[in-house]
Amino acid sequence: MTIEELSAEQARRTCPEIAFDCKTTAELTPLEQIIGQDRAVRALQFGLNIDKKGFNVFVSGLPGTGRKTAIIDFVRELAAKRPTPSDWCYVNNFKDSSRPNAIRMPPGKGMDLKKAMEEFVGHVPVALREAFESEDYSKRRDAVLQAVNRERNDIITSINRIAKDASFAIQQTAAGFALVPLVEGKPLTDQEFLELPEALQQQINKAREAVNERIGDAFRPLRDIAKRADKEIADLNKEVARFAISPYLDEMREQFEGIDEVDTYIDEVENDILESLPLFLAPPKDIPIDPTRNYHVNLVVDNSQTKGAPAEIELNPTYIRLFGYAERESRMGALITDYTMIRAGTAHKANGGFLVIPAEQMFRDPLAWEGLKQMISSGKLEMEDPAARMGYMVTKTLRPEPIPFDGKVIILGSPQVYQILHGLDPDFRELFKVKAEFDTTMERTEENLGLFASFVCGLCRREGLFDLDPSALSALVEHSSRIAGDQNKLTTQFAQVADVIREANHYAAMDGSNVLDGVHIRRAIEEKVYRSNMIQEKMVEMIGDGTVLIDVAGRKKGQVNGLAVLSTGDYAFGRPSRITATVGVGREGIIDIERQAQLSGTSHTKGVLIISGLLNARYAVDVPLSLSARLVFEQSYSGVDGDSASSTELYALLSALSEVPIKQYIAVTGSVNQWGEVQAIGGVNEKIEGYFEVCKIIGITGEQGVMIPQSNVRNLMLKEEVVEAIREGWFHIWPVATIDEGIEVLTGVEAGTRNSDGHYPEGTINHLVQERLLRMAEAIKEYHP
């Protein structure tokens, strides 16, 4: 059979400049939609619009696909059509200051309440001072005191009369008062009293006791008068104070009419002022604290300037940044906090709208994920000290009243993060029921080419870059297909595309050009490769100077050039490896030297076992496979994995068994199944280009080329140097679908098809292999009957 080589056009799908109907991207309209992500857009539209608990969204995709920018633009557009959510304030709880109260306010009203209370706090001390320093207050207070004094004097006069009628006088002492006997109107001293006859002393004492009882009964109303006086003064003070502050309070009640929480708060403020009047009336130097400190309003969520619903992204989603915290300040060596030091988190600001959180950053804080789940499950925003939440330290601190949470949470993460959470966290499945998956590629259609150009236009306008002409757009589209690894697709990893444009813009500025063309784009791509391909060049040099043995000319038995892809992180490149096979009589089967040396990965081991299965199915139907074969990657000192070399290893075995040499100037890649079909592999462009570089340094002969799986043809987007070599006939690519096709390309000998009697045509590769295996089986029988 004849295998047709690929043409230069098949090796790279070019993009004609006429695909873009513009002179430069300046004539285009910037992109205002997510492109190439229809599945993700439908999922977002569903997840962000359904109003049911648990339907939060996990956006899955690789970094660089534009998922973050797209999600932010998407939710902001959606949020703009939603109603603006409430403001939230924290105010003092006059019953328990450690548990501040939360007040919901219509949007914009929170700032009004804060300003109103600030104004009120400024007026209260002055108003109270003026009221209590007024002449009217002095008159009323004096009237109360005069009335009390008159009644008190009347009682004292009555008591003095009682004492005098009994021949006693009342004298004040440190302990209260004492009854002193009178003789001829003069009080007796203690010494004079002791000099009286004992009988008279007893008579006086007895009379004193009787008077004491009468006076005690008379003094009781005096104590009641003192209490009544204090109450009347206190009531007067409250009446005057209420009259002084009522205009301000009534104005606020009228301003916030219909908001019950504010009415209740104003009543509490009024009561607290009336109960704290001594603090307001004391001289400033005697007041240890500001008496108005508890009347300020802490506006934690202010939506006065918000249009529509909020859309917030938290790029550093720690616990305190998400859910807020209470600041502390040092006072006399102690850390003090109160409700005015409460600070809102991003979740508070996003309440009523959308909260976007990158998953990888969130999991750096062990509290953030659990706090997020608790918020969504309970529908409440609770603020708790992180140390107390972890149980490390429990101190008296603030526990603000929880705020109801009503918003959508969108998590951005990789597919691996989604799989871990979905498999290991049952709560995740209940709380994030919508998955929006961003693809890394989109179809290379005429419509998408137009959208791609609009994306470039938008990027140039946002970042002030030079516009691109059609040749630059064409080169960029071809590079996009290269990144996608498919001639029929474009990459959606727009971060990589944008980086190429930015770098090309730099080179255009250096050239004095104000428009990017294809030369600038290609230079940017080549310069990026040059900055990263030092390791590749070193390896190619080692092959060129003979340190690493690779033959790119002639023919050899049991030896094939396989191709592998190596990665240095930001750059991947292909490298040829010599694969050899030796065979002998034995019963060990195929021995993978890489596996024996513990340098083989599981996928490579699987590929070798598939080769054994194919040999058994094809050549050992009637006779046992009596074979001892060794396969090895020569000069390979690190691990080998993947099955992309399994077809290469099989070709080496077939060559060794048939004793037909293989063309060393053809490198091979492709995996194989047990039916002999060659299967697609990854990194086909890098592998071909890697072998081309080796051929260049050793010497291009015009015969060299690469044999690839037929199913990988659509993945070819080779660099232009290789395409030009193919066009000039200096380099070749052969696509094959089966092992039989491949062995014919490599040896120039027909593979052969099995006849009805189970044998292959004489002289074919399969016939030679079958005969060799039969001879080996006979030899085994002879030496080991």
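The values are calculated or read from the model by the stated rules, or taken from the named source; none is laboratory data. Nothing here was measured: the structure is a model prediction, and the numbers come from that model. FYI the Cβ positions are ideal-geometry reconstructions off the backbone, even for glycines, and counts take in every protein chain you see. Keep in mind that these areas ignore ligands, DNA and RNA; they rest on the heavy atoms of the full protein, side chains included. Shrake-Rupley method; radii C 1.70, N 1.55, O 1.52, S 1.80 Å.
Looking at Leu768, is it in contact (Cβ under 8 Å) with a residue 40 or more places away in the chain and under 47 Å from the mean Cα position of the chain (by Cα)? Spell out the reasoning first.
On the way: in contact (Cβ under 8 Å) with a residue 40 or more places away in the chain: yes; under 47 Å from the mean Cα position of the chain (by Cα): no.
Answer is no for this residue.
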| query | For segment 609-626, what are the residues that are in a helix (DSSP H, G or I) and over 20 Å from Arg754 (Cα atoms)? | reply | Leu609, Ile610
| query | For Glu771, all conditions in the list (1) surrounded by fewer than 19 Cβ atoms within 10 Å (Cβ to Cβ); (2) under 30 Å from Ser474 (Cβ atoms) hold save one; what is the number of the exception? | reply | (2)
| said: Taking the conditions exactly as written (over 38 Å from the mean Cα position of the chain (by Cα) and on the phi < 0 side of the Ramachandran plot), does Ser513 satisfy them or not? | reply: yes
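Are any of the residues in segment 639-648 more than 53 Å from the chain's Cα centre (by Cα) and either buried (at least 18 other Cβ atoms within 10 Å of the Cβ) or not β-branched (Val, Ile, Thr) (or both)?
Within segment 639-648, the first condition is being more than 53 Å from the chain's Cα centre (by Cα), and the residues that meet it are none.
No, there is no match, as no residue in segment 639-648 is more than 53 Å from the chain's Cα centre (by Cα) and either buried (at least 18 other Cβ atoms within 10 Å of the Cβ) or not β-branched (Val, Ile, Thr) (or both).
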| remark: In segment 711-743, anything farther than 23 Å from Val519 by Cβ and of a type in the set (Lys, Arg) is listed as Arg714
| note | Subset of segment 547-564, residues open to solvent by less than 40 Å² (accessible area, probe 1.4 Å) and either without any contact (Cβ under 8 Å) to a residue 40 or more places away in the chain or of a type in the set (S, T, N, Q) (or both), comes to Gln559, Asn561
| task | Output the residue which, of all residues in segment 280-311 that are outside any loop (DSSP other than H, G, I, E, B) and open to solvent by less than 60 Å² (accessible area, probe 1.4 Å), is farthest from Glu133 (Cα to Cα). | result | Ala311
| Within segment 672-680, is even one residue open to solvent by 30 Å² or more (accessible area, probe 1.4 Å), assigned to a strand (DSSP E or B) and in contact (Cβ under 8 Å) with a residue 40 or more places away in the chain? | yes
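Suppose the filter is in contact (Cβ under 8 Å) with a residue 12 or more places away in the chain and more than 20 Å from Gly324 (Cβ to Cβ); does Pro63 pass it? It would help to see each step written out before you state the result.
Values: in contact (Cβ under 8 Å) with a residue 12 or more places away in the chain: yes; more than 20 Å from Gly324 (Cβ to Cβ): yes.
Yes; evaluated as a whole, the condition is true for this residue.
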| said: Looking at segment 726-765 only, could you name the residues that are over 24 Å from Gly554 (Cβ atoms) and part of a helix (DSSP H, G or I)? | reply: Arg727
| request: Find all pairs meeting these conditions: Cβ atoms under 9 angstrom apart; at least six residues apart or on different chains; first residue within segment 293-304 and of a type in the set (Phe, Trp, Tyr); second residue assigned to a strand (DSSP E or B). | output: Tyr295/Val91
| note | Selection from segment 258-272 of residues open to solvent by less than 60 Å² (accessible area, probe 1.4 Å), under 41 Å from the mean Cα position of the chain (by Cα) and touching a residue at least 40 places away in the same chain (Cβ under 8 Å) yields Ile259, Val262, Tyr265
| task | Mind telling me which of the residues Ala629, Ala656 ends up being part of a helix (DSSP H, G or I) and either touching a strand residue (DSSP E or B) at 6+ places or on another chain (Cβ under 9 Å) or open to solvent by 20 Å² or more (accessible area, probe 1.4 Å) (or both)? | result | Ala656
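Return yes or no: is Phe193 more than 20 Å from Pro125 (Cα to Cα) and in contact with a Pro (Cβ under 7 Å, 6 or more places away or on another chain)? Before you say what the answer is, go through the steps one by one.
Numbers: more than 20 Å from Pro125 (Cα to Cα): yes; in contact with a Pro (Cβ under 7 Å, 6 or more places away or on another chain): yes.
Yes; evaluated as a whole, the condition is true for this residue.
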| message | What pairs come out if I take residues in segment 317-339 that are within 12 Å of Pro386 (Cα to Cα) and pair them with residues that are in a loop (DSSP other than H, G, I, E, B) and open to solvent by 30 Å² or more (accessible area, probe 1.4 Å) whose C-beta lies under 6 Å away, six or more apart or interchain? | response | Thr318/Asp365; Tyr319/Asp365; Ala326/Thr337
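Does Glu778 meet the test of being open to solvent by 10 Å² or more (accessible area, probe 1.4 Å), in a helix (DSSP H, G or I) and farther than 23 Å from Tyr619 by Cβ? If you could, list the steps in order and put the result at the bottom.
Working: open to solvent by 10 Å² or more (accessible area, probe 1.4 Å): yes; in a helix (DSSP H, G or I): yes; farther than 23 Å from Tyr619 by Cβ: no.
No; evaluated as a whole, the condition is false for this residue.
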| query | Does segment 129-138 contain any residue that is of a type outside the set (Phe, Trp, Tyr), more than 14 Å from Val240 (Cβ to Cβ), open to solvent by 30 Å² or more (accessible area, probe 1.4 Å) and out of contact with any Gly (no Cβ under 8 Å at 6 or more places or on another chain)? | reply | no
| field | Close pairs from segment 163-189: first within 13 Å of Val211 (Cβ to Cβ) and exposed (fewer than 13 other Cβ atoms within 10 Å of the Cβ), partner at pLDDT 70 or above and of a type in the set (D, E, K, R), Cβ under 8 Å, at least 6 apart | value | none
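Whether any residue in segment 600-608 is in a strand (DSSP E or B), touching a Gly at 6+ places or on another chain (Cβ under 7 Å) and not polar (S, T, N, Q) is what I want to check.
Looking for residues that are in a strand (DSSP E or B), touching a Gly at 6+ places or on another chain (Cβ under 7 Å) and not polar (S, T, N, Q), one finds none in segment 600-608, hence no.
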| remark: Every listed condition ((1) at pLDDT 85 or above; (2) out of contact with any Phe, Trp or Tyr (no Cβ under 6 Å at 6 or more places or on another chain)) holds for Lys781 save (1)
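For the structure I just gave you, tell me whether Gly683 is closer than 24 Å to Ile535 by Cα, touching a His at 6+ places or on another chain (Cβ under 7 Å) and open to solvent by less than 40 Å² (accessible area, probe 1.4 Å). Give the derivation first.
Numbers: closer than 24 Å to Ile535 by Cα: yes; touching a His at 6+ places or on another chain (Cβ under 7 Å): no; open to solvent by less than 40 Å² (accessible area, probe 1.4 Å): yes.
No; evaluated as a whole, the condition is false for this residue.
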| query | Quick check: anything in segment 704-714 touching a helix residue (DSSP H, G or I) at 6+ places or on another chain (Cβ under 9 Å) and surrounded by fewer than 18 Cβ atoms within 10 Å (Cβ to Cβ)? | reply | yes
| Does Ala143 meet the test of being among the aliphatic types (A, V, I, L, M), exposed (fewer than 13 other Cβ atoms within 10 Å of the Cβ) and without any contact (Cβ under 8 Å) to a residue 40 or more places away in the chain? | yes
| request: Could you please give the count of residues in segment 365-385 that are in contact with a strand residue (DSSP E or B) (Cβ under 8 Å, 6 or more places away or on another chain) and at pLDDT below 90? | output: 2
| task | Scan segment 479-490 and give yes if some residue there is open to solvent by 20 Å² or more (accessible area, probe 1.4 Å), in contact with a helix residue (DSSP H, G or I) (Cβ under 7 Å, 6 or more places away or on another chain), among the aliphatic types (A, V, I, L, M) and within 17 Å of Gln37 (Cβ to Cβ), otherwise no. | result | yes
| note | All-but-one check, Arg214 against (1) touching a helix residue (DSSP H, G or I) at 6+ places or on another chain (Cβ under 6 Å); (2) open to solvent by less than 70 Å² (accessible area, probe 1.4 Å), failing number (2)
| request: Please determine, by comparing only the residues of segment 565-594 that are surrounded by fewer than 16 Cβ atoms within 10 Å (Cβ to Cβ) and of a type in the set (D, E, K, R), which one is farthest from Gly485 (Cα to Cα). | output: Arg587
